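A short worksheet on the structure shown next.
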Amino acid sequence: MTKPQAERTAILVAGAVIMILTIAAFWLSYAHLASVAQSHGLGSSPVRRWAWPGTIDLFILAGEVLMFRAALRHVTDWWAIGLTVAGSLGSIGLNVAGVGTHAPLLDYVVAAVPPSAALLAFGALMRQVHTLVIEPTPETEPVPEPVTVERAPEPPPVELPAPETGPEEAPEAAEEPSPEPVAVAPSPRPAPSAPAVPPALLDHARKVADTHQAATGTPIDADTLRARLGVPPVLAEAISAQLP
């Protein structure tokens, strides 16, 4: 038996027990009220004697049914609550009062139990009906069957051709012998550059050279120019090189 089936069976059994309890409690309460009516003025009419308890206990039934209707609509029906309370208090009070005065305490308890049990049992019955209507038992969800997925066969591996090997690399060239060191002759030291000749000294040297050539008929040489000007030999050579 599954869990939903067990719950439904328990609800049905509880409902049957509550139904029997409700009928028995109402019957005892109704019969006692009929006895009270017989002892207080309705003994000559059996019909009225058995109809009189209905004017009290039926308020309980009407109030409970209206409360069940209000629960289905998710509202509060104060009239239904009032009818239930009035019928319950009236039934319990009249059942207890019908015992009479100076009776043992247990007689009052026996008289109060049936209407109280009828109230509770009928309320429990309406609760079970409300549960069946508002909260139905969920059905068992079907278990999905496993799905088998067939895999496509894998293609055979493709053999790739081996790469062609190129010609063997030539052995490394033999190392060339390093050339023997060549002795490098030291470069000659450059000759010192000619000193700069001042323009005034160069003009004076030209005049001296012109005078010498006019007197002798030959160009003046460097030694004579040095002696006439009184300059160092290097400067005399530089001046002589610049003369025409």
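The values are calculated or read from the model by the stated rules, or taken from the named source; none is laboratory data. Predicted, not measured: the structure shown is a model, and the values here were computed from it. Neighbour counts are summed over all protein chains in view; Cβ atoms, including those assigned to glycine, are modelled from backbone coordinates with ideal geometry.
Here are the numbers for this structure:
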| item | result |
| --- | --- |
| Every pair of residues 6+ apart whose Cβ atoms lie under 6 Å, when the first sits in region 12-31 and is more than 16 Å from Ala111 (Cα to Cα) while the second is exposed (fewer than 13 other Cβ atoms within 10 Å of the Cβ) | none |
| Of residues in region 219-244 being within 12 Å of Val208 (Cα to Cα) and buried (at least 18 other Cβ atoms within 10 Å of the Cβ), the one nearest to the chain's Cα centre (by Cα) | Ile239 |
| Residue within region 40-50 that is polar (S, T, N, Q) and in contact (Cβ under 8 Å) with a residue 24 or more places away in the chain present | no |
| Any hit, region 105-123, residues being of a type in the set (Gly, Ala, Ser) and touching a Ser or Thr at 6+ places or on another chain (Cβ under 6 Å) | yes |
| Single match in Ala112, Ala70 (criterion: under 30 Å from Ile11 (Cα atoms), modelled with pLDDT under 90 and of a type in the set (Gly, Ala, Ser)) | Ala70 |
| Filtered residue count, region 97-126, keeping only those that are among the aliphatic types (A, V, I, L, M) and over 30 Å from Ala16 (Cβ atoms) | 5 |
| Helices (runs of 4 or more DSSP H) wholly inside region 12-101 containing at least 2 residues that are under 22 Å from Ala124 (Cβ atoms) and of a type in the set (S, T, N, Q) | 78-97 |
| Count - residues of region 1-11 that are touching a Ser or Thr at 6+ places or on another chain (Cβ under 8 Å) and in a helix (DSSP H, G or I) | 4 |
